[in-house]
Amino acid sequence: MELPAAIQGESLTRLLQGFGLGAVVAIGVGFGWGGWTLGSTAAEQSATETSAAVVAALAPICVKNFQADSQATANMTELLAESSYKRDNLLEDAGWATFSGSDEPTPGVAEECAQLLAEV
């Protein structure tokens, strides 16, 4: 059985075209189905997951601190009277989303805390 000219290397042009096509297919399959990612994409995904984990860990603490306050009933009435999209601002301004070691509210915690408090 005789091999095609492209495989035998008799035609340099065909050989290079085969290598090029093979590289394109390998890259397409690798990034499309193989799970390959660029470093920038991996860093972005890592930052997103880290932020979500921080919010998931701190939001219940925010709820607990909010409910443990001496004026929890009045605070809850004020919170529920506020529009749902403004509740996170109320919690941030009151300091419920700011934790020790930080001067600023932790991003996303107030929003999740407000949702959890509204469900209680």
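Test of understanding: among 49, 44, 92, 104, which residue is over 19 Å from the mean Cα position of the chain (by Cα), over 18 Å from residue 120 (Cα atoms) and exposed (fewer than 13 other Cβ atoms within 10 Å of the Cβ)?
Numbers: 49 fails: over 19 Å from the mean Cα position of the chain (by Cα); 44 fails: over 19 Å from the mean Cα position of the chain (by Cα); 92 fails: exposed (fewer than 13 other Cβ atoms within 10 Å of the Cβ).
The match here is 104.
State which residue pairs qualify: first residue assigned by TED's automatic domain parsing to the domain that holds residue 61 and inside the stretch 96-120, second residue of a type in the set (Asp, Glu) and surrounded by 20 or more Cβ atoms within 10 Å (Cβ to Cβ) in any location, beta carbons under 6 Å apart, and separation of 6 or more residues or different chains.
So the pair list comes out as 105/92; 110/88; 110/92; 111/88; 114/88.
Test residue 73 against the stated conditions and say whether it is more than 30 Å from residue 104 (Cα to Cα) and free of Cβ contacts under 8 Å to residues at least 12 places away in the same chain.
no
Exactly one condition in (1) among the hydrophobic types (A, V, I, L, M, F, W, C); (2) modelled with pLDDT under 90; (3) under 30 Å from residue 108 (Cα atoms) is not met by residue 12; state its number.
The number of the failed condition is (3).
The values are calculated or read from the model by the stated rules, or taken from the named source; none is laboratory data. Source: prediction; values computed, not measured. Note that we place each Cβ from the backbone using ideal geometry, even for glycine, and neighbour counts take in every protein chain shown.
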